[in-house]
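Novice: Have a look at the structure that comes next, please.
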Amino acid sequence: QVKFEESGGGWVQPGGSLTLSCAASGGPLSFRAMGWYRQTAGKPREVIAQKFSDGYTFIHNDVKGRFTVTRDNDENTVTLQMNSLKPEDTAVYYCHAKAGDRNFWGQGTLVTVSS
């Protein structure tokens, strides 16, 4: 069973930065994809950034140029660097990993952007 250790959420003023970190353990030795989703009340969870084992990187258009995702394949960790944060970035952010057709989720960490 995969266990995620997420950290880095919290409150920040608009224009500020936060870094989310996630470490996966106890599951598959490697994941095809690792990344981050986010969800706000009344909306479906959406993928924000993913790093695939073949090197491909996906970044949602809403955060391009502001968010960067990095991954350590050997350590099964993934990090989301969030800069120039906006109030609309406020959400619960979930660490995600995919192995084959199995999806694994962290418990979520709240990011609040407000003045």
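Novice: Mind listing whichever residues of the stretch 60-80 are assigned to a strand (DSSP E or B), under 15 Å from His96 (Cα atoms), open to solvent by 30 Å² or more (accessible area, probe 1.4 Å) and not basic (Lys, Arg)?
Specialist: Those that are assigned to a strand (DSSP E or B), under 15 Å from His96 (Cα atoms), open to solvent by 30 Å² or more (accessible area, probe 1.4 Å) and not basic (Lys, Arg): Thr70, Asp72, Thr77, Thr79.
Novice: Name the single residue, out of those in the stretch 81-90 being open to solvent by less than 40 Å² (accessible area, probe 1.4 Å) and outside any loop (DSSP other than H, G, I, E, B), that is farthest from Met34 (Cα to Cα).
Specialist: Out of the qualifying residues, it is Asp89.
Novice: Next question, about the same structure. Would a scan of the stretch 70-83 turn up a residue that is of a type in the set (A, V, I, L, M, F, W, C), in contact with a Gly (Cβ under 7 Å, 6 or more places away or on another chain) and at pLDDT 95 or above?
Specialist: Scanning the stretch 70-83 turns up at least one residue that is of a type in the set (A, V, I, L, M, F, W, C), in contact with a Gly (Cβ under 7 Å, 6 or more places away or on another chain) and at pLDDT 95 or above.
Residue-wise test of (1) under 16 Å from Gly8 (Cβ atoms); (2) part of a helix (DSSP H, G or I); (3) open to solvent by 60 Å² or more (accessible area, probe 1.4 Å); (4) not polar (S, T, N, Q).
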position: Ala24; (1), (2), (3), (4): yes, no, no, yes
position: Ser30; (1), (2), (3), (4): no, no, yes, no
position: Met34; (1), (2), (3), (4): yes, no, no, yes
position: Gly42; (1), (2), (3), (4): no, no, yes, yes
position: Ala49; (1), (2), (3), (4): yes, no, no, yes
position: Val92; (1), (2), (3), (4): yes, no, no, yes
position: Lys98; (1), (2), (3), (4): no, no, no, yes
position: Phe104; (1), (2), (3), (4): no, no, no, yes
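The values are calculated or read from the model by the stated rules, or taken from the named source; none is laboratory data. Every value quoted in this text rests on a predicted model; they were computed, and no experiment measured them. Using ideal geometry, Cβ is built from the backbone for each residue, glycine included, and neighbour counts are taken over all protein chains shown. To get the accessible areas, we keep the full protein, side chains included, count just its heavy atoms, and leave off ligands, DNA and RNA. Shrake-Rupley method; radii C 1.70, N 1.55, O 1.52, S 1.80 Å.
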